[in-house]
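Step one of this worksheet: look at the structure below.
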Amino acid sequence: MNFKVLKSKIDFTAEVFGIDARQNISHEQKIQLTKLINEYAVIILKNQKINDDEQIKFSENFGFIEPAGTNTELTKITDRRLSLKMNDVSNLDKNNKPLTKSNQNRIFALGNRLWHTDASFKKIPVTFSILSGRKVSSKGGETEFCDMRCGYKALSNKMKNKVESLIGEHSLQYSRGKLGFIMKDVLTNKELKKFKPVLQPLVRKNYVTDRKSLYLSAHLGLIKDWELADSILFINDLMEICTRPDYIYSHKWEENDLVIWDNTQVMHRGRYFNDQKEIRDVRRTTIAGTEMLIDQ
Ligand code: OGA
Ligand code: MN
């Protein structure tokens with residue numbers, strides 16, 4: 001296994017060669033790959049023509065799979081296109097047809113176009129995401145990544161101290177609310193309970209590299225004990241810093257790309273494509289975290 005760092009303003013993306021995700025990988029390869037993900041945070045493997053079972057098996061090298069939450073999604077189990085171990089990030093319904101404009105699942109999925117880290121709304125947040133491009137759009141549909149370690153580093157010492165003392169509240173209610181999907185208007189109280197905010201620190205430290213990073217997401221909507229308006233302004237400022245053009249890598253998909261990222265260090269977002277005309281079938285497996293970061 002070897003790798004090449006993809007040149008951008010900052011080096012946080014590496015293309016890895018010599019891994020076939022359909023095959024068992026050796027213990028040594030697993031250690032190397034895990035180290036690379038922690039160091040770089042975005043890893044690209046090209047030409048990985050895998051099926052769901054192969055993707056699941058490959059992903060399990062990095063830990064347990066976080067099941068796609070029927071708990072935290074609106075899609076009914078019977079409407080799902082894929083198994084619960086797979087996150088359907090496509091624009092398709094269970095008959096493999098593009099979701100129509102006003103379909104609720106489509107609107108919900110459009111939340112992926114906001115800068116976010118995956119599943120930061122879980123008490124034990126996830127670590128790595130593994131996204132497989134089974135069918136990609138001919139135009140648009142890039143996935144962008146930004147390095148939140150650079151965001152942290154860019155802060156003044158005073159600001160670093162301040163953010164380290166703060167706690168963020170994360171919920172799908174906040175991210176979806178940003179797109180006008182106001183859950184409390186459409187869900188019952190019982191349904192709403194599933195989307196109760198969880199607490200996360202605003203700064204995390206990577207256990208392999210010891211590097212600190214901001215920990216933001218579209219799901220972050222409130223700073224604990226702050227007014228909502230103050231929270232929104234403060235979070236917007238931090239978001240702006242993390243998403244400076246120099247801190248971004250944009251991935252232009254080719255079929256069978258397998259992209260792995262570390263949600264504890266980078267945010268990502270999908271970009272526009274014509275989802276009514278084109279099919280974009282990308283499927284994600286997500287690795288469960290092992291610890292709650294704040295008692296709650
Ligand atoms: C995801 C995601 C963005 C995209 O898979 O978690 O947000 O470009 N994807 O599809
Ligand atoms: Mn995502």
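Taken together, the residues in segment 124-141 that are among the hydrophobic types (A, V, I, L, M, F, W, C) and more than 15 Å from the chain's Cα centre (by Cα) amount to 1.
Set side by side, the residues 290, 264, 285 differ, and just one is more than 13 Å from ligand 1 (Cβ to nearest atom), surrounded by 21 or more Cβ atoms within 10 Å (Cβ to Cβ) and modelled with pLDDT of 95 or more, which is 264. Of everything in segment 219-248 that is of a type in the set (Phe, Trp, Tyr) and surrounded by fewer than 22 Cβ atoms within 10 Å (Cβ to Cβ), the residue that is farthest from residue 39 (Cα to Cα) is 226. Taking segment 111-138 as the range and being within 25 Å of residue 239 (Cα to Cα), among the aliphatic types (A, V, I, L, M) and buried (at least 17 other Cβ atoms within 10 Å of the Cβ) as the test, the residues that pass are 114, 119, 126, 130, 131.
Quick one: is residue 237 assigned to a helix (DSSP H, G or I), of a type in the set (D, E, K, R) and touching a Ser or Thr at 6+ places or on another chain (Cβ under 9 Å)? Walk me through how you get there before you give the answer.
Working: assigned to a helix (DSSP H, G or I): yes; of a type in the set (D, E, K, R): yes; touching a Ser or Thr at 6+ places or on another chain (Cβ under 9 Å): no.
No: the conditions fail for residue 237.
Quick check: is even one residue across segment 193-209 touching a His at 6+ places or on another chain (Cβ under 7 Å) and closer than 19 Å to residue 152 by Cα? There is at least one residue in segment 193-209 that is touching a His at 6+ places or on another chain (Cβ under 7 Å) and closer than 19 Å to residue 152 by Cα.
Which one of these does residue 169 not meet: (1) among the acidic types (Asp, Glu); (2) assigned to a loop (DSSP other than H, G, I, E, B); (3) at pLDDT 95 or above? (2) is the only condition that residue 169 fails.
In the list 260, 279, which residue meets the criterion of being touching a residue at least 24 places away in the same chain (Cβ under 8 Å), among the hydrophobic types (A, V, I, L, M, F, W, C) and within 14 Å of ligand 2 (Cβ to nearest atom)? Spell out how you get there, then give the answer.
On the way: 279 fails: within 14 Å of ligand 2 (Cβ to nearest atom).
260 is the lone residue from the list that is touching a residue at least 24 places away in the same chain (Cβ under 8 Å), among the hydrophobic types (A, V, I, L, M, F, W, C) and within 14 Å of ligand 2 (Cβ to nearest atom).
The values are calculated or read from the model by the stated rules, or taken from the named source; none is laboratory data. It should be emphasised that the depicted structure is a prediction, and the values quoted were computed from it without experimental measurement. A quick note on method: Cβ atoms are made from the backbone with ideal geometry, for glycine too, and the neighbour counts reach across all protein chains shown.
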